[in-house]
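Peer 1: Just dropping this structure here.
Read-outs: derived from the displayed coordinates by stated rules, not from any lab. From a predicted model like this one, the values you see are computed outputs, not experimental measurements. A quick note on method: Cβ atoms are made from the backbone with ideal geometry, for glycine too, and the neighbour counts reach across all protein chains shown.
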Amino acid sequence: MAGAPFTFSPPVLLHEDAVRELCRLARRGYEVRNKRETYGFLFGVVTGTGNVLVRRARSYRGGTRSMYGVCYPVADARRRRRELARELHQRYLGSFHSHVEIGGRVSRGMSTEDRRSFRDDDMSGIEAVVFVWAGLKRTLRPSPRSVVAYEPDTGYHYRIRVYGKYGDQIRKSRVRVQRSGVVIVY
Ligand SMILES: [Zn+2]
């Protein structure tokens, strides 16, 4: 079923705290033996100007995960994200998952399964994919359709992309980081 519970205009705004949280969660999945994807939920608001602002990210531990995907119990996941939305006093916006580098490769976009589960989830308006890989430091240019981060302590690179539902289409959305005033290098 296509459609979203809310409509919004790009760009999707990611609060800096949510960016940090997404990187931390992706890193956790990357560092375990037999790297695995991380999966969780995004919370925030739809602003007066019609943008989505993601303020918080929370991981969801239910289901099973592997290097290539996450399989979760839908009813339980929905219950959990309603709970979290109440606790955080934020609206549930969508989910996120990580794509980890395996043998030097990190899968680039949304897989067919990713698209299917996003499309079928009529409460999710956005889906973020967090790419994580280790590598030599080099300058990654942020583009209007992704947020990039580099972590000097670990040498990890991150790239966050956000997909949205536009009618029947799932498309990469423009994204912008909303800073909190703390200096951070992207
Ligand atoms: Zn995926």
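Peer 1: What is the distance in Å between the Cα centres of the range 144-173 and the range 8-70?
Peer 2: So the two Cα centres are separated by 10 Å.
Peer 1: Can you compute the helix-only [θ] at 222 nm over the chain? Use -39500 (n - 2.57) per DSSP H run of at least 4 residues, normalise by all residues, nearest 500 deg cm²/dmol. Present the calculation step by step, with values, prior to reporting the outcome.
Peer 2: Numbers: 3 runs with 40 residues, N = 186.
It lands at -7000 deg cm²/dmol.
Peer 1: What fraction of the DSSP beta bridges in the chain is antiparallel, stated in percent and rounded to the nearest 5?
Peer 2: Around 75 percent antiparallel, to the nearest 5.
Peer 1: May I pose another question? Considering every Cα-Cα pair within the range 1-45, what fraction, in whole percent, is farther apart than 11 Å?
Peer 2: Numbers: 738 of 990 pairs.
I get 75 percent for the Cα pairs in the range 1-45 exceeding 11 Å.
Peer 1: Once Lys and Arg get +1 and Asp and Glu get -1 on their Cβ, which of SER117, LEU42, VAL177 lies farthest toward the positive end of the dipole of the range 12-178?
Peer 2: Towards the positive end, the residue furthest out is VAL177.
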